[in-house]
Amino acid sequence: MSIRLLARAAVVSALISSGNGAFAAPAARVVALTANDQMKFNVMAITAKPGEMLHVTLKSMGTLPKIAMGHNFVLLAKGTDAVAFTTASPMASATAYIPAQFKAKVLASTPLAGPGETVDVTFKAPTAPGRYVYLCSFPGHFTAGMKGVLTVK
Ligand SMILES: [Cu+2]
């Protein structure tokens, strides 16, 4: 094994051991979001450094049943047509409202959260500076304003 490979293996094991035990992942900054029955995120703007590890949690504070008021966090690649995405998402209930034709445009997404539930996702922020739209893809929620922007700078 070359020195370079050995160094790389050491980094990987350091990253794994720095996890919280539940996940073998590098430490990530927690971004705590909530959602409600009014179809809004509490945070509509997130800023991250290029390539920063983020751990987004989304708690549903609502009381309506999940089938009527589920929420998720979906981060889209730069330049993705969010209106086209959310026009297609109601037909994608089998895939938690992530339309198959847009799967490659999804940088990160959580499962759907019902009342009182918390869902989460850990991901690496894009390395390219810019604005990345995030939204809830449950039918009608984007139109109602359930969206935000991740700014990478
Ligand atoms: Cu929602």
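Rule-based calculations on the coordinates, nothing more; no lab input. None of these values were measured; they are calculated from a predicted model. Methodologically, a virtual Cβ is constructed for each residue, glycine included, from the backbone with ideal geometry; neighbour enumeration extends over all protein chains shown.
Being surrounded by fewer than 19 Cβ atoms within 10 Å (Cβ to Cβ) and farther than 23 Å from Ala27 by Cβ is not true of Gly62.
Checking the stated criteria, Lys124 turns out not to satisfy the condition of being crowded, with 19+ Cβ neighbours inside 10 Å and of a type in the set (D, E, K, R).
Right, Ala32: away from the ligand (no atom under 12 Å from the Cβ) and not in a strand (DSSP E or B) or not? Considered against the rule, which asks whether it is away from the ligand (no atom under 12 Å from the Cβ) and not in a strand (DSSP E or B), Ala32 comes out as no.
Checking each residue in the range 37-83 for being of a type in the set (Lys, Arg), outside any loop (DSSP other than H, G, I, E, B) and out of contact with any Ser or Thr (no Cβ under 6 Å at 6 or more places or on another chain) picks out only Lys66.
Within the range 109-140, the set of residues being part of a loop (DSSP other than H, G, I, E, B) and touching a His at 6+ places or on another chain (Cβ under 7 Å) comprises Leu112, Cys136, Phe138.
Checking each residue in the range 117-153 for being in contact (Cβ under 8 Å) with a residue 60 or more places away in the chain and within 11 Å of the ligand (Cβ to nearest atom) picks out Leu135, Cys136, Ser137, Phe138, Gly140, His141, Phe142, Ala144, Gly145, Met146, Lys147.
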